[in-house]
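Here the structure comes first, spelled out in structure tokens, and everything after it is commentary.
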Amino acid sequence: MQKIIIIYSIILMAGLSSCDYLDVVPEKVGTVEYAFGDRQRAIGYLATCYSFIPLFENEGSNPGRTVGPESFQYQAGENNGNRITRLGNNITSPYMNYWDGGGGVASGTVTVNGIKESQSKDMFTALRCCNVFLENIHHVPDLNAYEKDMWAAEVKFLKAFYHWWLVQLYGPIPIVRENLPVDASPEAVQIYREPIEEVISYVVELLNDAIEYLPDVVDTEITDLGRITKPVAMTLKAKVLVFHASPFFNGNTGYANFADKDGKPLFPAGYDAQKWVKAAEACREAIEYCESLGYTLFKYEKPLGAKMTDSTMHVLTPSSLVTTPWNKELIWALSKADVTTVQQNCMPMLTGAFRQANLRSRFSPTMSSIETYYSSHGVPIEEDNSWIAGNWYNDRYHIARGDDDHRFVIEKDYPTARLHLNREYRFYGSVAFDGGLWFGAGVTNASELNQITIQAKGAAVAGKQGIERYSITGYLIKKLVSVNTAAPNNSFSAQRYSWPVLRLADLYLLYAEALNETMETPSMEVHKYINEVRTRAGLEPVEDSWRQYSVNSAKYTTRDGMRDIIHQERMIELAYEGHYYFDIRRWSGGTKRGRYDIMTEMNNPIKGWNIDGETAEDYYHTRIVATPKFSFRDYLWPIKEAARTKNGNLIQNPGW
């Protein structure tokens, strides 16, 4: 199985800040010929091309993690994604600025010729680096033809990905097919943005070219882990085509008048149903190929000799599938991710010897995110007939107590909210809350009966230090913390893991979604792939759950109903991994279609518990922690005004 991480030669990246790699070579030999003079130097330049991959784990760099109301932080520690959610972006110094670099997307400092510089994730610089590589790789004298083709294919993938990353944020962009010569005229450098259809076609063309020459697996895992392979490229192609078929890019009338300076339309004029057909086919091909190579959905396996119920194994699966390195579900993951900081931001203050002052305890799921998880019957809590008949849903914020049925996830007799009882396993495995139990953290012989209680009521108990280090909503993320990450006796030892970018469950749900859009009545094939994910989560199949437990018992039998089900399944299964914002935006297209409407999601007040309450009676009241700001202009991100001053042919995105 291919285990995908950042290229092994990232050790060479320590001295590479941009495609100005030539600045790193000895004085007076900083030429392209030198950079590609032998295999070793060429692989250094290949590492440079890889080095622009965004920091997916970083909450200030990945819009998918922090833009929108999936999670939030206190204002003093606010990241750029939360700022965009709360205040909107701007044109003078945009947040998360991947067009020019900056605004929180720099990866830190590197030393070039003795001078410290900030390496920025500037996607257009990345594309120029890729072009330099592709123009010169076949000139390397001691590189065989197989390696030349394979390395070129890797960089074509990266070039496709960097174009696609820009499209997700800015919509129509200039296509960087080749670098302009140094003596290009002033007119030649005044490039235009190109229509969405042309950019996507170019991205898919690059991916197809790459797929032809990429290997199924790396040749030598010890040295080559992280090199892009065919399954990675096929999965990205499938995802790009699903996004292209989605309402934002397909039939979106909101951008009907969006054109360049010469009047050339930049968005497609109408809806094309064939895009869903192409997307479904690409997903099917990627799934079949991945499965043929041994990719499969991850399932937590209890340690040898441990006594553990099936329910606890289901609870431990969400965090384990993210934090178990190189497991068979990961198609593309990044090992150089700063998962120590991620885990510090997500792990709650615990009790007794497991209170740890350095835990930042601040990455907070919102109330809307908590309510997205299913009931224990595998249906939305507002649809569950038992929740409605017993008035449980209306009284979900009322106080209840942990009981025998919940003794492995909530401390028995501990006062908590009804909202926390009778939920699916992924809820208990993904989020932490007051009265909930925490597995691991360095507990000797951790077991179902030997877990740590989370105490979140009251500022002192919750670990609040002035205006820092606390959960603003009362919830924290269990899913991104390994059960092997330890915090005993005021120490902290984080388990290393690779950050998931693409995994098989994501691909299964993309296929179910695309296939569902091609038919009036969902087929068994649609049900099959969503049920694969649900079964792994310990839930009954869609058909059985809705027939037995939902007040909308026929929902799964229609395309519109199944669309809602698939969308919610993605929200749950992929929660906190960086998909939320990109999904809710692509599902919007000027009119409300389905459960997750971006205008609703991005303008509803963000809520949590009254975290300063010392008693259950004071604590369990919802309160507004932030009021988002989102309008039509926020669909596409602004191009920095300085960039438009340099290039008068760059049209600003509508509304900015």
When the range 79-104 is examined, which residues are found to be part of a loop (DSSP other than H, G, I, E, B) and in contact with a strand residue (DSSP E or B) (Cβ under 7 Å, 6 or more places away or on another chain)?
Gly101, Gly102
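Here is a yes/no grid of residues against (1) charged (D, E, K, R); (2) assigned to a helix (DSSP H, G or I):
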| residue | (1), (2) |
| --- | --- |
| Ala210 | no, yes |
| Val232 | no, yes |
| Lys261 | yes, no |
| Gly270 | no, no |
| Ala280 | no, yes |
Would you check if there is a residue in the range 362-383 being acidic (Asp, Glu), outside the structural domain of Ile566 (by TED's automatic domain parsing) and buried (at least 23 other Cβ atoms within 10 Å of the Cβ)?
no
Filter the range 260-271 for residues that are surrounded by fewer than 16 Cβ atoms within 10 Å (Cβ to Cβ) and either of a type in the set (D, E, K, R) or in contact with a His (Cβ under 8 Å, 6 or more places away or on another chain) (or both) and give the result.
Lys261, Asp262, Lys264
Would you confirm whether any residue within the range 521-539 is among the polar types (S, T, N, Q), modelled with pLDDT under 95 and on the phi < 0 side of the Ramachandran plot?
no
Determine, yes or no, whether Tyr425 is of a type in the set (Ser, Thr, Tyr) and in contact with a Gly (Cβ under 9 Å, 6 or more places away or on another chain).
yes
From the set of residues in the range 527-567 that are touching a Ser or Thr at 6+ places or on another chain (Cβ under 8 Å) and more than 21 Å from Thr317 (Cβ to Cβ), which is surrounded by the most Cβ atoms within 10 Å (Cβ to Cβ)?
Trp546
Tell me which residues, restricted to the range 171-208, are farther than 20 Å from Asn250 by Cα, in contact (Cβ under 8 Å) with a residue 40 or more places away in the chain and part of a helix (DSSP H, G or I).
Leu206, Leu207
Go through the range 72-102 and give me each residue that's closer than 21 Å to Tyr576 by Cβ and out of contact with any Ser or Thr (no Cβ under 6 Å at 6 or more places or on another chain).
Gln73, Tyr74, Gln75, Gly77, Glu78, Asn80, Arg83, Ile84, Thr85, Arg86, Tyr95, Met96
Reported set for the range 426-485 where residues are small (Gly, Ala, Ser), assigned to a loop (DSSP other than H, G, I, E, B), within 29 Å of the chain's Cα centre (by Cα) and modelled with pLDDT of 75 or more is Gly435, Gly440, Ala456, Ser471, Gly474, Ser482
Out of (1) closer than 30 Å to His567 by Cβ; (2) among the hydroxyl-bearing types (Ser, Thr, Tyr); (3) surrounded by fewer than 22 Cβ atoms within 10 Å (Cβ to Cβ), the odd one out for Ser335 is which?
(1)
With respect to the numbered conditions (1) modelled with pLDDT of 50 or more; (2) crowded, with 18+ Cβ neighbours inside 10 Å, which one is the sole condition not fulfilled by Ile6?
(1)
Of (1) of a type in the set (A, V, I, L, M, F, W, C); (2) buried (at least 24 other Cβ atoms within 10 Å of the Cβ); (3) farther than 20 Å from Leu330 by Cα; (4) not assigned by TED's automatic domain parsing to the domain that holds Phe363, Met524 satisfies all except one. Which?
(2)
Could we say that Arg86 is in contact with a Leu (Cβ under 9 Å, 6 or more places away or on another chain), of a type in the set (Lys, Arg) and surrounded by fewer than 24 Cβ atoms within 10 Å (Cβ to Cβ) here?
no
Conditions first: (1) modelled with pLDDT of 90 or more; (2) assigned to a helix (DSSP H, G or I); (3) of a type in the set (A, V, I, L, M). Ala76 passes all but one, so which condition is the exception?
(1)
Residue count, the range 608-656, condition touching a Gly at 6+ places or on another chain (Cβ under 7 Å), part of a loop (DSSP other than H, G, I, E, B) and among the hydrophobic types (A, V, I, L, M, F, W, C), comes to 2
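The values are calculated or read from the model by the stated rules, or taken from the named source; none is laboratory data. Quick caveat, the model's predicted, so the values are computed rather than measured. A quick note on method: Cβ atoms are made from the backbone with ideal geometry, for glycine too, and the neighbour counts reach across all protein chains shown.
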